[in-house]
Amino acid sequence: MKKLDLRVKDYPELAISWETTLINKTGTWRTFYPKYLSKTPPCNYYCPANENIQKYIALSLKGEFEEAYLTILEKNPFPSITGRVCYHPCETGCNRGKFDESIAIHTIERFIGDYGLNFVEPKRRIEKLTNDKKVAIIGSGPSGLSCAYYLLSNGVKVTILEREEYPGGILFYGIPSYRLPKEIVKREVEKLIKRGAKFIFGKELGKDFSLDDLTKEYDAVFLAIGAQIEQELGVPNEEAKGVLMGLEFLKTINLKRKIKDFGKNVLVIGGGNTAIDCARTALRKGAKVKILYRRTKEEMPAVKEEVEEAIKEGIEIIFLTAPVRVIKDKKGKVKGLECVKMKLSEEVDETGRRKPIPIKDSNFVIKCDTIIKAIGERVDLNILPKEIISKRTILADEFGKTNIEKVFAGGDCVTGPKTVVEAIAYGRRAAAFILHYLKNYELPPKEIFNLVDYENLNTYYFEKQKRIEESKLPVNKRKRNFKEIIATLSDQDIKYEAGRCFSCGVCNKCDNCYVFCPDLAILKKNGEYEILYDYCKGCGVCAHECPRNVISMFFEEEK
Amino acid sequence: MKEGLIYGKKKVVTGNHAVSYGVLLSRAEVIAAYPITPQTQIVELLSEFCASGLLKAKFIKVESEHSAMAACVGAAAAGCRTFTATSAHGLALMHEMLHWAVGGRLPIVLANVNRAMGPGWSVWTDQNDSLSQRDVGFVQFYCESNQEVLDTTIQAFKIAETCLIPVMLVLDAFVLSHTSEPVDIPYQEDVDKFLPPYKPKYFLDINDPRAFGGLTSPDHYYEIRYKIEEAHRKALKVSEEVDNEFYQIFGRKYGLVESYQCEDAKLILVTSGTITGTARQVIDEERSKGKRVGLLKIRLFRPSPIPQIKEILTKAERVAVIDRNISFGHSGIFCQEIKSILYNEIRKPMIFGFVIGLGGRDVVPDDIREIIDFAYKADYPEEMVYFRGVRL
């Protein structure tokens, strides 16, 4: 403080401090302190493979598609496949969905996957990491291929035994090519071949070799045999000519072979993805198709978009109806199906859905000449040793470890019928454990999720923006062929869509904290923010104004 | 909006838009305002100027007038040329922040459209809103015409920035705000010559952080307040200089007060705002009938142009002050001001106070004539204040 003989002329025009305010360490006033934290966006959280979606979207926004591709590969080796067929729970969880429309993440993943196949893979150097360990993988479906990729990437020699003549399992034999072209499967599999994977086709477990044979020859065995046995309806006359199995039907078509006893009026039974695939495939084969489902549209396990597309293509879905009896003619050929109307009871089954029960005296007949059964699949347990199976599946922990030394398992054969992405994730986790088992690699650390909810965001800073739309073949141009329906978007479209991402929980240097800090206590250093705790009063403005909940406030005691 | 369509032309514009053009030409850098009738058109047009890029200013939308002035205080403290506009209740809500603008010595320009205070709810003109802010320390100008509104806007920035004191320019609701008149819109280069960019003496500088407006002990407060008084005294001089300088470039001047036909006047009317225009006409008529009447228009209310007022009014025998405002329990506010200025003069006139036209009631030539007749003939102002036109 200056002496008091100051005169008016000695004063400034306004009450302004004589000296710099930096001497006033306002940080001592603080009871809360802010901290930058990287949190979990819901897309990453809900992705069964825990892909770092936020990161690859951020990279895509900058046009760094190669980096984006490599980011996906850390968790999922086949983005071209999942970008097309995944049911994208990431989008269901996406916080933007509560604001306007969720980010079309699958379109971005697909673009990046295709970009990787076209531009990254051809020039990608493959590290020669060969070592003396060798692993046999039974089955070349998504979990087998995924496990193989991560083992190969770590120098393990991999032999994949496939009972069919092409690799891919459900990817090749199950999913129709209008959703997933064979070319894509082929190119994804080539990644493995380039990395030295050895494929043996036409050899089947329990017939051509036993598990014992493999454990003797290999250091480890990964069972990825999927769920291949199709369930029967359990109604009279099921054996009639013209009653087909769903997966079997799809396989025949995918192999471009002729179907025996395939008529013009097709009735598909079931409400899952296999049923929808069968129906749309039958349509493309020139049939008039109806789907029979015993519950309502709400309960259908099939992906919603697929159901809508099927309806658009002219497929009729008869809800709340169950089969009673196949009606056959004198030659033993199907001529109709006796059905019964159902209603949903109050009782809930193990899937959490209301159980359908028949309505008395509501039986009626649907005329048809072909019936395709697609009511579910189960694991073929007959070919497996007793000690590693439970009632329905193989027994294994989350890393695929079974009760038999050297034997690991993953994918549908452990989980029961699930999705491509879950199988891929399982394959990756099993590979990590096999590497731990064989090479003493460290297991990946358990992921800690600090989920950012919509309520945590400060949406004041976002504007409504339309979700990008994929271009689709018009119905009349796709109904009679197997051309891929959806086209990959352009890089401009992808950047637009990536620009809609909130980047929940992950700092994208928007500068809000820097701008709003009333004490100028946030600095920028080398592109990162630094809080000057000497001056931060802990007011929390930075945390409040952060649009994406990156900054959290903590009690000073907790520091 | 193309520049060529605006500048250097005579345009027919409302009082509100005259303010907007004045702010545009003054190149304000930050504008923060909240809409209120009858002011809204001012910032509406400014927001369009900002949107079209014609005016390179940050237009801050706020949730209240209190915030509008707070935003202006912040912007001005950062060193920007800053403008806001309001009216009546909006100005009342700003009250606290008006003190901040003055105490912070921030040269903010505020356009206030005189509107009567509610309740009873009113949108029409009287002066109680701005006169209620008399003692916050803003410079106050009362305008008579749309041309004067535009010119005063430009002058206001110069006075404010020279003296580091905020300026309020005041125009009557509807009579000016929504009434179109031909107005000369100056060329931008002329205005630029007259009003160079603002170079703040004090501003928030992150490289030399200082506390602004912090706790000031009784040992220092008075001296800093005295500097505001000094600034007002300076503003009186500066306003005159600025007006003269303006005249050099644009050929128009208004004076701090305007004396009309006062030389040999027995009675001088004192008016402000648009009543002046009406009174001027009546004065001409009365003069032609031989009555020795004159008119003193008060344009600058604060700082009070005391010497000018003294010089003119002490020559008259009678003064009639017409107030479109009221200080309840006392009299019209301009009347009090005039009385206090003249009290210690040895030669002083009789002063009649008239309150008229509250809440926007029309003040017509007959009203002025009656006031003149009364004040011309009455023996003595028996009443402290005469309420003209009230239906008792």
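Tally the DSSP beta bridges in the range B:284-392 and give the antiparallel ones as a percent, rounded to 5. Walk me through the numbers before you get to the answer.
Numbers: 1 of 9 bridges.
Close to 10 percent.
Under the definition of partner shielding as Cβ atoms of other protein chains within 10 Å of a residue Cβ, what is the mean value for peptide B:208-214? Please report the intermediate quantities before stating the final value.
Details: counts 4, 9, 8, 8, 5, 4, 5.
What the average comes to for B:208-214 is 6.
For a quick check: with amide H placed at 1.01 Å from N, whose amide H comes under 5 Å from A:I372's, ignoring anything fewer than 5 positions away on the same chain?
Close amide H contacts, sequence-distant or interchain: A:L244, A:L267, A:V268, A:I269.
For the range A:252-380, what's the relative contact order in percent, using C-alpha pairs closer than 8 Å and at least 6 residues apart? Before the final figure, lay out each step's value.
On the way: 253 pairs, mean separation 36.9, N = 129.
Averaging sequence separation for qualifying contacts and normalising by length gives 29 percent for the range A:252-380.
What residues qualify as long-range amide H neighbours of A:I522, i.e. H under 5 Å apart, gap of 5 or more or another chain, H built at 1.01 Å from N?
For A:I522, whose amide H was placed from the backbone, the distant partners under 5 Å are A:L532.
Compute the long axis of helix B:146-163 from its Cα atoms, compare it with the longest principal axis of the Cα atoms of chain B, and write down the angle in degrees, 0 to 90, nearest 10.
Between helix and principal axis, roughly 60 degrees.
Starting at the first residue of the range A:357-372, write each ³J(HN,Hα) from the Karplus equation 6.51 cos²θ - 1.76 cosθ + 1.60 with θ = phi - 60°, in whole Hz, x for Gly and Pro.
Using θ = phi - 60°, the values come out as 10, x, 8, 4, 6, 10, 5, 8, 10, 10, 7, 6, 10, 9, 10, 10 Hz.
List the pair-distance distribution P(r) of the protein assembly as shown, using every Cα-Cα distance, as the percent of pairs falling in each 20 Å bin from 0 up to the bin containing the longest distance, rounded to whole percents.
Distribution as computed: 12, 28, 21, 18, 15, 6, 0 percent.
Once phi is turned into ³J(HN,Hα) by the Karplus curve 6.51 cos²θ - 1.76 cosθ + 1.60 with θ = phi - 60°, what whole-Hz value does each residue of the range A:242-253 show in order, with x for glycine and proline?
3J(HN,Hα) across the range A:242-253, in whole Hz: x, 9, 10, 8, x, 5, 4, 4, 5, 4, 4, 5.
On average, how much area does the Cα convex hull of the range A:231-377 cover when viewed from any direction, in nm²?
Details: hull surface 34.7 nm².
Averaging across all directions leaves 8.7 nm² for the Cα convex hull.
What FRET efficiency would be calculated for the residue pair A:T92, A:N118, taking the C-beta separation as r and a Förster radius of 30 Å, to the nearest 0.05? Write out the running numbers ahead of the final one.
Numbers: r = 29 Å, r/R0 = 0.97.
With R0 = 30 Å, the Cβ-Cβ based efficiency is 0.55.
For the pair A:E238/A:E463, report the inter-label distance in nm, with labels modelled 7 Å from Cα in the Cβ direction.
Distance between the two pseudo-spin positions: 5.9 nm.
Please give the contour-minus-distance gain from A:E164 to A:Y533: 0.36 nm per residue of separation, less the Cα-Cα distance, rounded to one decimal in nm. Before the final figure, lay out the partial values.
Details: separation 369, 0.36 × 369 = 132.84 nm, distance 6.45 nm.
Full extension from A:E164 to A:Y533 adds 126.4 nm.
Nearest 0.05, what FRET efficiency do A:E447 and B:I206 give at R0 = 56 Å with Cβ-Cβ as r?
On the way: r = 41 Å, r/R0 = 0.72.
Rounded to the nearest 0.05, the efficiency is 0.85.
Note the per residue figure in Å³ for the convex hull of the C-alpha positions in the range B:3-250.
122 Å³
Any chance you could give the angle, 0 to 90 degrees and rounded to 10, that helix B:15-25 forms with the longest Cα principal axis of chain B?
Result, in degrees: 40.
Give, rounded to the nearest 20 debye, the magnitude of the charge dipole that the range B:257-387 has about its Cα centre when Lys and Arg contribute +1 at Cβ and Asp and Glu contribute -1 at Cβ. Could you put the intermediate results ahead of the total?
Numbers: 19 positive and 19 negative charges, 68 e Å.
It works out to roughly 320 debye.
How far is the Cα center of the range A:222-270 from the Cα center of the range B:219-288, in Å?
Here the answer is 99 Å between Cα centres.
Peptides A:152-161, A:126-135, B:105-114, A:272-281: what's the order by average Cβ count within 10 Å, highest mean first? All intermediate terms of the calculation are to be shown ahead of the outcome.
Values: A:152-161: 21.1, A:126-135: 13.4, B:105-114: 29.7, A:272-281: 25.9.
By packing density, highest mean first, the sequence is B:105-114, A:272-281, A:152-161, A:126-135.
Quick one: pull the percentage of alpha-carbon pairs in the range B:235-313 with a separation above 17 Å. Don't jump to the answer; show the numbers that get you there.
Working: 1514 of 3081 pairs.
Value for the range B:235-313 (Cα pairs over 17 Å): 49 percent.
Report the one residue of B:N16, B:V183, B:A78 whose Cα lies farthest in the direction of the positive end of the charge dipole of the range B:3-250 (charges on C-beta: Lys and Arg +1, Asp and Glu -1; origin at the Cα centre).
Working it through, the farthest residue towards the positive pole turns out to be B:A78.
If you take all C-alpha pairs in the range B:106-223, what percent of them are over 16 Å apart? Working shown, then result.
Numbers: 4856 of 6903 pairs.
The proportion of pairs with Cα distances above 16 Å equals 70 percent.
So for each of A:53-59, B:291-297 I average, over its residues, the number of other beta carbons within 10 Å; can you give me the resulting order with the highest mean first? If you can, show how the numbers build up before the last one.
Working: A:53-59: 24.1, B:291-297: 22.4.
Packing order, densest peptide first, comes out as A:53-59, B:291-297.
Compute the length gained on full extension between B:Q188 and B:D135: take 0.36 nm times their separation in residues and subtract their Cα-Cα distance, giving the result in nm to one decimal.
On the way: separation 53, 0.36 × 53 = 19.08 nm, distance 3.47 nm.
Answer, rounded to one decimal: 15.6 nm.
Compute the long axis of helix B:88-103 from its Cα atoms, compare it with the longest principal axis of the Cα atoms of chain B, and write down the angle in degrees, 0 to 90, nearest 10.
70 degrees
What's the magnitude of the charge dipole for chain A around its Cα centre, counting Lys and Arg as +1 and Asp and Glu as -1 at the beta-carbon? Answer in Debye, nearest 20.
On the way: 93 positive and 80 negative charges, 438 e Å.
Roughly 2100 debye for chain A.
What average number of partner chain Cβ atoms lie no more than 10 Å from the Cβ of the residues making up B:98-105?
Numbers: counts 0, 0, 0, 0, 1, 3, 4, 5.
What the average comes to for B:98-105 is 2.
A:V324's amide H: which non-local residues (gap 5+, or another chain) put their own amide H closer than 5 Å, with H modeled 1.01 Å from N in plane and none for Pro or chain starts?
Under 5 Å from the amide H of A:V324 lie the amide H atoms of A:E338, A:C339, A:V340, each far enough along the sequence or on another chain.
For a quick check: sort B:D151, A:D534, A:D519 by the number of other beta carbons within 10 angstrom, fewest at the front. Numbers along the way, then the final one.
Working: B:D151 25, A:D534 13, A:D519 19.
Final ranking by Cβ density, sparse to dense: A:D534, A:D519, B:D151.
Fewest to most neighbouring Cβ within 10 Å: what's the order for A:C513, A:C94? Write out the running numbers ahead of the final one.
On the way: A:C513 23, A:C94 26.
Listed from fewest to most nearby Cβ atoms, that is A:C513, A:C94.
Find the Rg to Rh ratio for the range B:265-378, where Rh is the Kirkwood radius over alpha-carbon pairs and Rg uses the same atoms.
Values: Rg = 13.2 Å, Rh = 14.1 Å.
Computed over Cα atoms, the ratio is 0.93.
So what J values fall out for the range B:116-128 if you push phi through Karplus, 6.51 cos²θ - 1.76 cosθ + 1.60 with θ = phi - 60°, rounded to Hz, Gly and Pro as x?
5, 7, x, x, x, 4, 8, 10, 8, 7, 7, 9, 5
Let me confirm one metric for peptide A:17-23, namely the mean number of other chain beta-carbon atoms within 10 Å of its residues' beta-carbons.
On the way: counts 6, 2, 4, 5, 6, 3, 0.
Averaged over the peptide's residues, the number is 4.
So for the range B:94-212, averaging the separation of alpha carbon pairs under 8 Å that are six or more residues apart and normalising by length, what relative contact order in percent results?
Numbers: 161 pairs, mean separation 36.1, N = 119.
The value is 30 percent.
Find which of A:G332, A:L283, A:V303 sits farthest along the positive direction of the dipole of the range A:231-377, computed with +1 on the beta-carbon of Lys and Arg, -1 on that of Asp and Glu, about the Cα centre.
Comparing the listed Cα positions along the dipole, A:G332 ranks first.
Going by how many other Cβ atoms sit within 10 Å of their own, how do B:E161, A:E338 line up, fewest first?
On the way: B:E161 22, A:E338 16.
The order, fewest Cβ neighbours first, is A:E338, B:E161.
Taking the Cα centre of the protein assembly as shown as origin, work out the dipole magnitude from +1 charges on Lys and Arg Cβ and -1 charges on Asp and Glu Cβ, in debye rounded to 20. List each step's numbers first, then the result.
Numbers: 138 positive and 129 negative charges, 814 e Å.
For the protein assembly as shown, the charge dipole is close to 3900 debye.
Find how many whole Å separate the alpha carbon centroid of the range A:29-76 from the alpha carbon centroid of the range A:447-465.
Using only Cα atoms, the two centres lie 13 Å from each other.
List, largest first, the extents of the alpha carbons of chain A along their principal axes, each in whole Å.
The principal-axis extents, from largest down, are 123, 60, 44 Å.
More than 11 angstrom separation, counting every C-alpha pair in the range A:177-220; what % is that?
Details: 716 of 946 pairs.
Across the range A:177-220, Cα pairs with separations above 11 Å total 76 percent.
In nanometres, what is the gap between the two model label sites at A:N456 and A:R30, each 7 Å from Cα along Cα-to-Cβ?
It works out to 2.1 nm between the two label points.
Say R0 is 41 Å: what FRET efficiency, to the nearest 0.05, do A:S471 and A:E67 get from their beta-carbon distance?
Values: r = 26 Å, r/R0 = 0.65.
After rounding, the FRET efficiency stands at 0.95.
Could you give me the radius of gyration and the Dmax of the range A:485-559, taking only the C-alpha atoms into account and expressing both in angstrom?
In Å, with Rg to one decimal and Dmax whole: 16.9, 60.
In nm, to one decimal, how far is the modelled label at A:N363 from the one at B:F387, with both set 7 Å along Cα→Cβ?
9.9 nm
How large are Rg and Dmax for the range B:32-128 when only the alpha carbon atoms are used, in Å?
Final numbers for Rg and Dmax: 13.3, 41 Å.
Each value in this text was obtained by applying a stated rule to the coordinates, not by laboratory testing. Remember, predicted model here, so these are calculated numbers, not experimental data. All Cβ positions, even for glycine, are placed from backbone atoms using ideal geometry, and neighbour counts span all protein chains on display.
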